[in-house]
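The values are calculated or read from the model by the stated rules, or taken from the named source; none is laboratory data. This is a predicted model, so every value here is computed, not measured. Here the Cβ is made from the backbone with ideal geometry for all residues, glycine too, and neighbour counts use every protein chain on show. Quick note on the areas: whole protein, heavy atoms, side chains included, nothing else; ligands and nucleic acids left out. Shrake-Rupley method; radii C 1.70, N 1.55, O 1.52, S 1.80 Å.
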Amino acid sequence: MDSIAIQGGAQLNGSIPVSGAKNSAIKLMAASILTDQPLLLTNMPRLADTRFLGQLLRQFGVEVTERDGADGQETLFDGREIRSTFAPYDLVRQMRASFNVLGPLLARTGHARVSLPGGCTIGARPVDLHLDALSKLGASIELEEGYVSAMAPKGLRGAEIEFPFVSVGATEHTLLAAVLADGVTVLKRAAREPEIGDLARCLIAMGARIEGVDTDTLTITGVTSLNGATWSVIPDRIEMGSYAVAAAMAGGEVRLTRARADLIASLTDKMVEAGVEIAPTEDGVIIKRDPSQRLKAVDVATEVYPGFATDLQAQFMALMTTAEGVSTIHENIFENRFMHAPELARLGADISVQAGEAKVTGVAELRGAPVMATDLRASVSLVIAGLVAQGETTVGRVYHLDRGFERLEEKLGACGATIRRIKGSGDEH
Ligand code: EPZ
């Protein structure tokens with residue numbers, strides 16, 4: 001397995017283009033199941049996760065063609081004929097979000113058999129809200145041998161669904177099913193993450209009728225069929241936020257392009273409080289920090305959008321490891337999302353974790369060491385810490401990073417980071 005080696009100490013100066021959002025792309029890809037006409041997604045990131053889902057879609061009979069277009073990478077989906085509605089465990093377990101093919105398969109064909117996604121390292125992450133919502137839309141659901149078998153032979157029908165709490169996945173999944181249901185569906189306490197807005201707008205471009213986009217109540221009037229469309233994937237706010245934190249950590253001046261500053265306001269507000277200079281631009285943001293000035297510790301608590309994103313918590317913790325003072329970090333979305341803390345401690349960070357709260361006491365410097373993480377965002381937090389750790393940091397299990405960061409070492413290297421990929425090693429420490 002590959003690892004990434006970083007020699008700490010270099011400032012970052014230059015420009016980094018932000019890719020299309022992974023967490024939008026994979027939901028938009030699932031939307032291709034809903035139509036027998038071509039769906040062209042532009043600004044498509046090329047990631048392990050989009051590859052997994054492409055493989056799964058091919059298994060259903062959707063033709064998936066990756067190519068270069070006028071505006072960069074794009075992928076054409078042609079779901080003229082759905083030949084199978086079976087999603088095996090081997091494909092679903094590799095990426096939890098692939099469970100979200102259940103709703104669109106059901107809406108298009110009236111039946112589907114999809115493996116349950118299983119647990120993951122950041123918590124139990126059940127799918128009860130997804131299944132409750134599909135049942136309310138009229139699907140009959142059976143769980144057997146780790147699989148969900150769902151049937152709606154006469155089609156789905158609209159319903160009023162109030163989620164007990166906010167779930168990104170359950171909101172998207174229900175939306176992907178309700179657009180083809182008979183009648184009106186109202187989703188209350190819906191998630192408002194920008195990727196859901198992106199999905200809803202794409203569905204509208206495909207002929208869906210959705211009101212309340214970007215609010216917590218979505219009203220969907222079902223249509224009998226959807227058409228194809230061309231849609232540009234929204235910029236990846238988590239990738240953008242990760243590079244913003246990397247620039248703040250290393251010092252220097254980095255311009256993030258092909259992005260949207262408004263999507264990471266909850267992060268940049270905290271970075272400004274800590275002493276980072278932030279200047280929004282027309283297509284992104286400039287991050288500037290004088291590395292001779294120590295940052296100040298600030299507290300954060302993760303919340304649903306527009307609050308501080310849980311997917312940026314690990315990166316922010318890395319930034320706080322060398323800030324002056326004590327930072328308290330609350331994780332409110334997932335019950336077990338501090339696995340990066342002991343790894344950051346291997347680099348010399350002073351972090352104590354109790355239940356959903358981490359206390360980070362800033363240290364004067366970090367020292368390089370071999371580390372590894374068990375999830376995507378935790379892995380990038382270790383790369384960020386490695387940018388300032390004295391000597392060499394090697395981050396193992398890079399396949400986590402490859403799930404969600406396109407050409408990470410190339411993008412950071414272009415700004416002056418001393419970073420390289422080591423092929424086929426680095427898993428065992
Ligand atoms: C999405 O996960 C993202 N994944 C996550 O990003 C992100 O951290 C999360 O939203 C929160 O923003 C994708 O978009 C592919 P949830 P999701 O449903 O949809 C509980 C990354 O690194 N819950 O909003 O799974 C759940 O356990 C990933 O890119 C239930 O109890 O998140 C969690 O505690 C990691 N029952 C909370 O709700 C359910 O049926 C929020 O989960 C569904 C969720």
Checklist entry - Which angle between 0 and 90 degrees, to the nearest 10, do you get for helix 265-274 versus the longest principal axis of the chain when only C-alpha atoms count? => result 10 degrees
Checklist outcome for this item: Ordering 81-91, 231-241, 193-203 by per-residue average of other C-beta atoms within 10 angstrom, highest first, gives 231-241, 193-203, 81-91
Checklist outcome for this item: Taking placed amide H atoms and a strict 5 Å upper bound, the residues 5 or more places from HIS111 or on another chain that come that close are ALA152
Checklist outcome for this item: In whole Hz, the Karplus estimates of ³J(HN,Hα) for region 3-18 (6.51, -1.76, 1.60; θ = phi - 60°; x where Gly or Pro) are 9, 10, 10, 10, 9, x, x, 7, 6, 10, 9, x, 9, 10, x, 8
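Provide the packing ranking of 389-398, 28-37, 360-369, i.e. peptides ordered by the mean count of other C-beta atoms within 10 Å per residue, highest first.
The packing order, highest mean first, is 28-37, 389-398, 360-369.
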Next on the checklist: Students sometimes get this wrong: rank LYS154, LYS288 by accessible area, probe 1.4 Å, all chains present, largest first.
Outcome noted: LYS154, LYS288
Item to check | Qualifying GluC sites (Glu not before Pro) in region 99-178, DSSP loop, other Cβ atoms within 10 Å at most 12 | outcome: GLU145
Item to check | 5 angstrom amide H check on THR230, placed H, neighbours 5+ away | outcome: LEU40
Checklist outcome for this item: The ³J(HN,Hα) series, computed from each phi in region 334-350 with the Karplus coefficients 6.51, -1.76 and 1.60 at θ = phi - 60°, rounded to the nearest Hz and given as x for glycine or proline, is 10, 7, 9, 10, 10, 5, 6, 4, x, 6, 4, 5, 4, 8, x, 6, 10
Checklist entry - Top to bottom by accessible area (1.4 Å), largest first, where do THR221, THR215 land? => result THR215, THR221
Item to check | HN-Hα J in Hz across region 145-159 - Karplus 6.51, -1.76, 1.60, θ = phi - 60°, x for Gly and Pro | outcome: 6, x, 10, 9, 9, 10, 9, 8, x, 9, x, 7, 10, x, 7
Next on the checklist: Rounded to the nearest percent, how much of the accessible area of the chain (1.4 Å probe, protein heavy atoms only) is carbon and sulfur?
Outcome noted: 48 percent
Checklist entry - Which cross-chain or sequence-distant (5 or more) residues have an amide H under 5 Å from the amide H of GLU63, H modelled 1.01 Å from N in plane? => result ASP78, GLY79, ARG80
Item to check | By accessible area with a 1.4 Å probe, ligands and nucleic acids excluded, highest first: order of TYR399, TYR243 | outcome: TYR399, TYR243
Item to check | GluC sites (Glu not before Pro) restricted to region 270-355 and DSSP loop, no more than 16 other C-beta within 10 Å | outcome: GLU282, GLU303, GLU335
Checklist outcome for this item: Helix-only [θ] at 222 nm, the chain, -39500 (n - 2.57) per DSSP H run of 4+, per residue, nearest 500, equals -8500 deg cm²/dmol
Checklist outcome for this item: Counting only protein heavy atoms and leaving out ligands, DNA and RNA, the solvent-accessible surface of THR224 at a 1.4 Å probe, in Å² to the nearest 10, equals 140 Å²
Item to check | Where Cα atoms sit under 16 Å apart: lysine pairs in the chain separated by 8 or more or lying on different chains | outcome: 6
Checklist entry - Which value, in Å², gives the accessible area per residue of the chain when a 1.4 Å probe is used on the protein heavy atoms? => result 38 Å²
